[in-house]
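To start, the structure under review is shown below, and the notes come after it.
The values are calculated or read from the model by the stated rules, or taken from the named source; none is laboratory data. Just so you know, these numbers come straight off a predicted model, no measurement behind them. Cβ placement follows ideal geometry from the backbone for every residue including glycine, while neighbour counts extend to all protein chains displayed. Heavy atoms of the whole protein, side chains included, go into the accessibility calculation; ligands, DNA and RNA do not. Shrake-Rupley method; radii C 1.70, N 1.55, O 1.52, S 1.80 Å.
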Amino acid sequence: MTYRLNEKLLGLKPYEVITEDCRIRLDANESFIDPGKELRQKLLSAWENIELNRYPDDTYLELREAFGRFYDVDPELVTAGNGSDELIFLIIGCFLKSDDKLLLTEPDFSMYPIFASAYERQTCYVARDNSGNLDIPATIETIRREKASAVLFSNPSSAFSTVTAREKIMYLVDNTDALVVVDEAYMDFSDQSVIKYAANRDNLIVLRTCSKALGCAGIRLGFAVSSPNLARVLSALRSPYNLNSLSATTGSILLSDSEYIKNAVAHILENRKELYEGLKLLETNPAIKKIYPSATNYICISTDYADRIYAELKERSILVRNLKNMLRITVGTKEENQAVIEELRAIIESINNINQSETEERANEERM
Ligand SMILES: *Cc1c(COP(=O)(O)O)cnc(C)c1O
């Protein structure tokens with residue numbers, strides 16, 4: 001007898017993570033600031049008191065209170081997850097029924113459709129506008145036309161680094177019966193969060209993460225903020241003890257250190273400005289179409305030469321993310337940013353020289 005793998009699983013590819021060693025890694029939108037130095041001392045003494053033989057406190061109250069204090073929300077509204085990825089998975093799998101449709105925006109975070117297909121949820125799409133913002137009227141219209149029961153998107157956008165205004169998001173929430181899930185993974189770098197409205201809406205879930213601005217991608221910790229009703233449902237759905245004691249303790253200490261978080265964000269924003277200004281100077285080169293303004297900790301470059309530039313940067317041991325006609329560069333340290341700007345300049349100048357000499361050759365041939 002042979003076990004046959006479910007058809008939907010045959011074509012699945014794992015999320016692409018590049019494991020090669022690179023001198024400079026600006027591909028995953030992590031923070032370049034390791035909170036270790038500041039937090040490690042506090043962590044070590046907290047860890048001493050963790051009873052490893054016991055399950056964690058399943059209410060995670062201390063952690064939710066620390067989150068609540070920092071973001072000014074009631075801890076009753078907060079559900080903690082093993083990365084926000086776990087919460088996205090739960091929401092798609094459990095809030096949607098088997099024949100419900102999920103509306104996604106295009107482009108957006110590549111994991112959303114993968115989670116949806118794992119749960120055999122139907123998906124439909126609405127395009128973002130040219131600058132990557134959500135098109136709210138089109139979104140409302142598509143929900144109605146497709147009878148979508150939920151819509152999930154990142155804000156700021158995980159594809160273009162733009163942020164859609166809070167009023168627009170709330171207009172959507174208040175003018176649809178669908179569940180609206182706003183993934184605010186990058187909102188610490190911007191100021192359009194809808195987190196404070198979650199308490200009074202029964203169709204809004206806001207997701208946050210410790211992986212980006214907070215510099216703790218390693219502990220796998222994310223949060224959902226929603227009405228008490230939805231929070232109860234989420235908490236009932238998650239597996240018991242979904243967070244391990246080490247992550248929960250680290251998260252509590254991290255989120256209680258508002259000074260560290262504020263300084264880290266300010267530092268990243270300062271470096272983002274330098275990276276943006278440096279890259280912006282390259283826009284005059286015809287190989288670069290556009291440098292996008294950034295509301296996050298990464299900068300997008302629109303170029304027809306993405307494959308080539310990506311490969312040549314990698315040869316120089318610099319890793320960025322290649323998104324087909326688009327390169328995404330995470331803000332790094334001063335030195336890393338300087339290095340990527342310099343190497344990029346050299347690469348596009350050589351592309352441009354080659355293009356120019358090809359054009360001249362063609363002109364010469366035509367003259368002959
Ligand atoms: C990084 C990222 C996540 C993942 O968050 P984790 O908490 O690390 O699972 C989710 N959504 C978006 C848009 C992201 O960029």
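For the reader, a short list of remarks on this structure follows.
- Some residue of region 149-161 being buried (at least 18 other Cβ atoms within 10 Å of the Cβ), of a type outside the set (Ser, Thr, Tyr), under 17 Å from Val206 (Cβ atoms) and touching a Pro at 6+ places or on another chain (Cβ under 9 Å): no
- Here Tyr292 does not fit the description of being aromatic (Phe, Trp, Tyr), surrounded by fewer than 20 Cβ atoms within 10 Å (Cβ to Cβ) and closer than 22 Å to Phe32 by Cβ.
- Residue in region 90-98 that is in contact with a Lys or Arg (Cβ under 6 Å, 6 or more places away or on another chain), closer than 28 Å to Thr296 by Cβ and not in a helix (DSSP H, G or I) present: yes
- Sole exception among (1) touching a helix residue (DSSP H, G or I) at 6+ places or on another chain (Cβ under 7 Å); (2) open to solvent by less than 10 Å² (accessible area, probe 1.4 Å); (3) aliphatic (A, V, I, L, M) for Met170, by number: (2)
- Check on Glu366, under 28 Å from the mean Cα position of the chain (by Cα) and open to solvent by 10 Å² or more (accessible area, probe 1.4 Å): no
- Number of the exception - Asp202 against (1) within 11 Å of the ligand (Cβ to nearest atom); (2) more than 27 Å from Asn244 (Cβ to Cβ); (3) at pLDDT 95 or above; (4) among the acidic types (Asp, Glu): (1)
- If you filter region 174-213 down to residues that are of a type in the set (Lys, Arg) and surrounded by fewer than 22 Cβ atoms within 10 Å (Cβ to Cβ), you find that the one that is farthest from Asp100 (Cα to Cα) is Lys196.
- Of all residues in region 121-147, exactly one satisfies the criterion of being in a loop (DSSP other than H, G, I, E, B) and over 23 Å from the mean Cα position of the chain (by Cα), namely Lys147.
- Of all residues in region 98-117 being more than 21 Å from the chain's Cα centre (by Cα) and charged (D, E, K, R), the one that is least open to solvent (accessible area, probe 1.4 Å): Asp100
- Asp57 being over 28 Å from Val340 (Cβ atoms), among the acidic types (Asp, Glu), more than 16 Å from the ligand (Cβ to nearest atom) and open to solvent by 60 Å² or more (accessible area, probe 1.4 Å): yes
- Residues being surrounded by fewer than 22 Cβ atoms within 10 Å (Cβ to Cβ), outside any helix (DSSP H, G or I) and not assigned by TED's automatic domain parsing to the domain that holds Leu61 are entirely absent from region 272-281.
- Residue selected from region 123-137 under the condition without any contact (Cβ under 8 Å) to a residue 60 or more places away in the chain and within 16 Å of the ligand (Cβ to nearest atom), by the criterion surrounded by the fewest Cβ atoms within 10 Å (Cβ to Cβ): Asn133
- A single member of Glu86, Glu120 is away from the ligand (no atom under 13 Å from the Cβ) and surrounded by fewer than 21 Cβ atoms within 10 Å (Cβ to Cβ), and it is Glu120.
- Ser247, sole failed condition from (1) touching a Leu at 6+ places or on another chain (Cβ under 6 Å); (2) in a helix (DSSP H, G or I); (3) away from the ligand (no atom under 14 Å from the Cβ): (3)
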